[in-house]
1. Of all the residues that make up the range 35-51, how many are within 21 Å of HIS108 (Cβ to Cβ) and either among the polar types (S, T, N, Q) or buried (at least 23 other Cβ atoms within 10 Å of the Cβ) (or both)?
2. Tell me, yes or no, whether the range 104-111 has at least one residue that is modelled with pLDDT of 95 or more, surrounded by fewer than 20 Cβ atoms within 10 Å (Cβ to Cβ), assigned to a helix (DSSP H, G or I) and outside the structural domain of GLY343 (by TED's automatic domain parsing).
3. Only one residue in LEU255, LEU227 is closer than 13 Å to LEU145 by Cα, surrounded by 21 or more Cβ atoms within 10 Å (Cβ to Cβ) and without any contact (Cβ under 8 Å) to a residue 40 or more places away in the chain, so which one is that?
4. Can you find a residue in the range 113-123 that is part of a helix (DSSP H, G or I), charged (D, E, K, R) and modelled with pLDDT of 95 or more?
5. With respect to TYR45, determine if the residue is in a loop (DSSP other than H, G, I, E, B), within 17 Å of the chain's Cα centre (by Cα), in contact (Cβ under 8 Å) with a residue 24 or more places away in the chain and outside the structural domain of HIS346 (by TED's automatic domain parsing).
6. Collect the residues in the range 303-327 that are surrounded by fewer than 21 Cβ atoms within 10 Å (Cβ to Cβ) and either touching a Cys at 6+ places or on another chain (Cβ under 8 Å) or of a type in the set (S, T, N, Q) (or both), keeping them in residue-number order.
7. Give the range 190-204 a look and list any residue that's buried (at least 16 other Cβ atoms within 10 Å of the Cβ), within 15 Å of ASP218 (Cα to Cα) and of a type outside the set (Phe, Trp, Tyr), or say none.
8. Collect the residues in the range 200-238 that are under 24 Å from ALA166 (Cβ atoms) and touching a helix residue (DSSP H, G or I) at 6+ places or on another chain (Cβ under 6 Å), keeping them in residue-number order.
Amino acid sequence: MNEPKDSSGGWDGYRTFCVECKEPESLTVTSFYLTAKDGHPLASYKPGQFLGFKLDVPGYEKPVLRTYTISDSSDDASLYRLSIKREPPPADQSDAPPGVSSNYFHDHVEAGSELQVRAPSGDFFLHEDDEVDGDGGKSGPVVLLSGGVGLTPMVSMLNHIVANGAKRPVWFIHGVRNGDEHAFGAHVRGLAETYANVHAHIAYLEPGPGDVEGRDYDSAGVIPMELLQSLVPGKDGDFYLCGPPPFMKVLFNGLLDWGVAESRIYYEFFGPAMVFKEGADDKADRKSTSTASTIPGSEAAVDGPMVTFKRSGVTVNWDPEIETILELAEANGVTPDFSCRSGVCHTCMCALIEGKIEYVNDDAFLPEEEGQILICSSKPKTDITVDV
């Protein structure tokens with residue numbers, strides 16, 4: 001067991017947490033409330049950040065490493081809440097297995113279960129450090145755009161703004177298939193009815209027979225830019241996107257076309273990373289948890305170290321404008337496993353067969369196993385070969 005390392009509640013490595021209770025939020029989403037087994041303080045976090053987990057899933061020889069967003073305000077220092085969607089097999093691959101970790105949580109994790117947890121982390125969070133109002137909080141409007149279970153960081157952000165009495169205008173705009181899959185609907189509606197600065201709009205892609213327009217949802221179908229422009233009075237706020245990549249790609253480009261500054265669009269992927277900007281190289285990737293900024297394509301620097309992805313049979317020169325080995329892989333058609341992209345979950349961990357690397361992320365949790373590296377947080381110092 002790892003003891004907290006300081007009075008703020010932070011800790012190194014994994015720490016044992018207990019599930020205090022388990023509550024359904026919809027037919028597909030369940031919340032898990034976690035408290036520290038040692039009783040010591042919890043680490044604070046910025047709304048939108050996540051926890052890392054090491055799960056002992058039945059049938060798997062090695063622990064399964066995953067990250068899940070904390071779905072509640074950071075103002076309750078006694079517990080963390082996760083809200084996890086049970087992931088079925090991919091729609092186009094019915095014979096593929098369902099989501100390993102999400103189904104483990106739903107089927108095996110109960111009140112009283114113990115979990116191994118890393119401290120809060122992540123680069124996608126509510127920004128409050130500039131344009132402050134008289135109360136010391138950021139004053140500009142914030143637009144929270146989510147699809148499906150991508151609402152979890154948005155609920156955390158919304159709860160934080162309300163809990164701190166901030167007066168900045170908030171638009172919570174969410175798309176989901178129908179009422180059966182809609183989590184936190186009554187909660188968000190209640191906040192919008194109680195606080196004059198909070199506005200909510202819910203779109204159901206395929207309303208069910210029991211779904212009532214005006215009570216459960218506000219519009220049917222997708223969320224087009226025309227609807228977004230009619231809801232939000234201006235383009236000078238901060239825009240946060242989280243959801244399926246196609247959902248975010250449409251809105252990202254729509255916001256740019258509308259004139260929203262790219263530096264004011266923040267996003268996080270719940271699924272594979274992808275190119276957002278229209279006309280960009282389809283093999284290029286973009287940072288998954290940051291302000292939008294272009295990641296270079298696959299043009300290699302002729303004098304950089306050689307990087308060999310052994311299992312994929314790909315050898316390329318390192319491009320110094322690319323930040324990590326993972327990004328280099330994706331820019332050249334190699335698709336390693338990854339999740340958090342910040343050195344927390346260890347999903348991208350692989351063997352360094354030869355050569356030397358250096359880490360570019362000081363906050364990464366380095367592998368304990370000798371010869372293993374995190375390609376999401378490192379770059380080559382010499383020619384390298386990795387088992388990818």
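1. Number of matching residues: 3.
2. Taking every residue of the range 104-111 in turn, at least one turns out to be modelled with pLDDT of 95 or more, surrounded by fewer than 20 Cβ atoms within 10 Å (Cβ to Cβ), assigned to a helix (DSSP H, G or I) and outside the structural domain of GLY343 (by TED's automatic domain parsing).
3. Values: LEU227 fails: surrounded by 21 or more Cβ atoms within 10 Å (Cβ to Cβ).
Going through LEU255, LEU227 in turn, the sole match is LEU255.
4. Here is the first cut: in the range 113-123, the residues part of a helix (DSSP H, G or I) are none.
The answer is no; no qualifying residue exists.
5. Values: in a loop (DSSP other than H, G, I, E, B): yes; within 17 Å of the chain's Cα centre (by Cα): yes; in contact (Cβ under 8 Å) with a residue 24 or more places away in the chain: yes; outside the structural domain of HIS346 (by TED's automatic domain parsing): yes.
Considered against the rule, which asks whether it is in a loop (DSSP other than H, G, I, E, B), within 17 Å of the chain's Cα centre (by Cα), in contact (Cβ under 8 Å) with a residue 24 or more places away in the chain and outside the structural domain of HIS346 (by TED's automatic domain parsing), TYR45 comes out as yes.
6. THR308, SER312, THR315, ASN317
7. ALA192, HIS199, ALA200, HIS201, ILE202, ALA203
8. ALA200, HIS201, LYS235, ASP238
The values are calculated or read from the model by the stated rules, or taken from the named source; none is laboratory data. Everything numeric here is computed off the predicted structure, so don't read it as measured data. So basically every Cβ, Gly included, is an ideal-geometry build from the backbone, and we count neighbours across all protein chains shown.
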